[in-house]
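One structure is given here, and the rest of the page talks about it.
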Amino acid sequence: MLHERHRIRDKGVDEIFASSDVSVVLPKYAMPEKEQDPRHTYQLVADELMLDGNSRQNLATFCQTWLEPEVHALMDLTMDKNMVDKDEYPRTAELEERCVHMLADLWNSPATENSIGTSTTGSSEAAMLGGMALLWNWRARRRAEGKPTDRPNLVTGPVQVCWHKFTRYWDVEHREIPMEGDRLIMTPEEVLKRVDENTIGVVPTLGVTFTGDFEPVEDVHRALDRLQSETGLDLPMHVDGASGAFLAPFTAPHLTWDFRLPRVKSINASGHKFGLSPLSVGWIVWRSKEDLPEELVFDVNYLGGNMPTFALNFSRPGGQIAVQYYNFSRLGREGYRKIHQQCYDIAMYLAEEIDRLGPFEILSNGDPHKGIPAISWKLKEGVDHGFTLFDLAVGLRAKGWKVPAYTMPANREDMAVQRILVRHGFSRDLASLLMNDYRDALSHFDRHPIVHPLTEAEAGGFCH
Ligand SMILES: *Cc1c(COP(=O)(O)O)cnc(C)c1O
């Protein structure tokens, strides 16, 4: 093929943008009849993708947007490996097992050899698996007591949509603690108001989506201990550590939220967020094999021993697992700590800068003991600012930055916030360039007062 291209080039007809197949638009709704030169089609598809914008300026996403060259190389090397084919690719399966054990260790499992877990496509799949284990265990307990199993409920704080999916898909009543006033997360008191004998589990989030805050796992745990001593009700917990489970072990090691707490039966985390792996890897680890109901696990015996598999998907790329293992080995605890601490330092710098501008009240400031390296803020109340956070979000879009503005979920739909997530690859220098653009957007509003400040609905898909 290369030889063929050289031949064509020699004839002087290989200028991509002047070629006849590039002089027309790409097909949109039906597959074309004829094949095309791969280089030409590649150029057009790559150019269309360029219009997505620059992912590293997307400060809304929690997912990795900067990856080491070695990660790109490993991904290329593993593109043909299907991780579900454990007899075909036993080394990939082995790397997955090692990652599970390293995570069990990182999350202070009392007996890592007895812990069990799996990779997933992300925290969403991991949450489904964790929720199913809670549901099956609750049913088994109820049946053993001769009690009905038709009214299961799950208690959470204001959660990511994956838990809404779990409760709807599996027909579980969702008792989601709404935000009230200045309380934007779960508290022990609010949990106790909602739990009963039909509660399959309590799910605190380590790094709430809307603000980045850690929910008080240990305080909730203590409240559930008290509840048990008073009523006999023994409730399990699952921690949604999508972001936090890859942060707190390194940057807040004394925060007790993990398997050090006996009620914590399982933990999920997103490898592709602060696990620093490329898109499409998550993890779930159970405290012990007893916490994962056997009926949910399908045993595959290809490897001589037993390879338990528990997943919603079947075929999946093995590269994300290989890279997760690469990251654990290459960075170690030291590397993760340095990278994440840098993100927190930059978040705290941004929080100070935004606070100094005047019109804003900081809600989360990037304190590693309180949340993830994200900052969120709102406009000070009781003042007519002449603009909204939605105007600011749209203004920053003009410079390529995506700094989302959105309203809170129930019961604070009245409150709009803006949020920045600081990730690996967002340097102190980029942060200062962002602040220049933020100040420019504000002074633009001074010079050209806005007649009709944008609402969330009017800003449409522009802001998040
Ligand atoms: C991102 C996130 C999820 C969903 O995770 P994916 O890896 O995107 O599937 C769930 N819970 C929380 C708290 C999150 O931040």
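The values are calculated or read from the model by the stated rules, or taken from the named source; none is laboratory data. Predicted model only: the values in this text are computed from it and were never measured. Because the Cβ atoms are built from the backbone with ideal geometry, glycine has one as well, and the counts that use them run over all protein chains shown. Surface areas here come from the heavy atoms of the whole protein model, side chains and all, with no ligands, DNA or RNA. Shrake-Rupley method; radii C 1.70, N 1.55, O 1.52, S 1.80 Å.
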Checklist entry - So which residues in the range 413-434 are surrounded by fewer than 20 Cβ atoms within 10 Å (Cβ to Cβ) and either part of a loop (DSSP other than H, G, I, E, B) or modelled with pLDDT under 95 (or both), if there are any at all? => result E413, D414, M415, H424, G425, S427
Item to check | Conditions (1) buried (at least 24 other Cβ atoms within 10 Å of the Cβ); (2) in a helix (DSSP H, G or I): number failed by E290 | outcome: (1)
Checklist entry - Inside the range 90-106, can you point out the residues that are away from the ligand (no atom under 16 Å from the Cβ) and open to solvent by less than 60 Å² (accessible area, probe 1.4 Å)? => result P90, T92, A93, L95, E96, V100, A104, L106
Item to check | Count - residues of the range 44-95 that are assigned to a loop (DSSP other than H, G, I, E, B) and under 30 Å from L392 (Cα atoms) | outcome: 13
Checklist entry - Just to be sure, is L224 in the same structural domain as T92 (by TED's automatic domain parsing), more than 16 Å from the ligand (Cβ to nearest atom), open to solvent by less than 10 Å² (accessible area, probe 1.4 Å) and not in a strand (DSSP E or B)? => result yes
Checklist entry - Residues that are within 14 Å of the ligand (Cβ to nearest atom), assigned by TED's automatic domain parsing to the domain that holds V239 and open to solvent by less than 20 Å² (accessible area, probe 1.4 Å): which helices (runs of 4 or more DSSP H) entirely in the range 108-198 hold 3 or more of them? => result 123-144, 161-169
Checklist entry - Looking at (1) at positive phi; (2) within 16 Å of the ligand (Cβ to nearest atom); (3) not β-branched (V, I, T), which is the only condition G53 fails? => result (2)
Checklist outcome for this item: Conditions (1) without any contact (Cβ under 8 Å) to a residue 40 or more places away in the chain; (2) assigned to a strand (DSSP E or B) -> G332 fails only (2)
Checklist entry - Can you name the residue in the range 259-274 that is more than 16 Å from the ligand (Cβ to nearest atom) and part of a loop (DSSP other than H, G, I, E, B) and, of all such residues, is surrounded by the most Cβ atoms within 10 Å (Cβ to Cβ)? => result F259
Checklist entry - Can you spot a residue in the range 344-360 that is in a loop (DSSP other than H, G, I, E, B) and either open to solvent by 10 Å² or more (accessible area, probe 1.4 Å) or modelled with pLDDT of 95 or more (or both)? => result yes
Checklist entry - If you take the residues of the range 240-258 that are part of a loop (DSSP other than H, G, I, E, B) and within 11 Å of the chain's Cα centre (by Cα), which of them is farthest from the ligand (Cβ to nearest atom)? => result G241
Item to check | Filtered residues of the range 378-390 (kept if surrounded by fewer than 24 Cβ atoms within 10 Å (Cβ to Cβ) and touching a residue at least 24 places away in the same chain (Cβ under 8 Å)) | outcome: K378, L379, V383, H385, G386, F387, T388
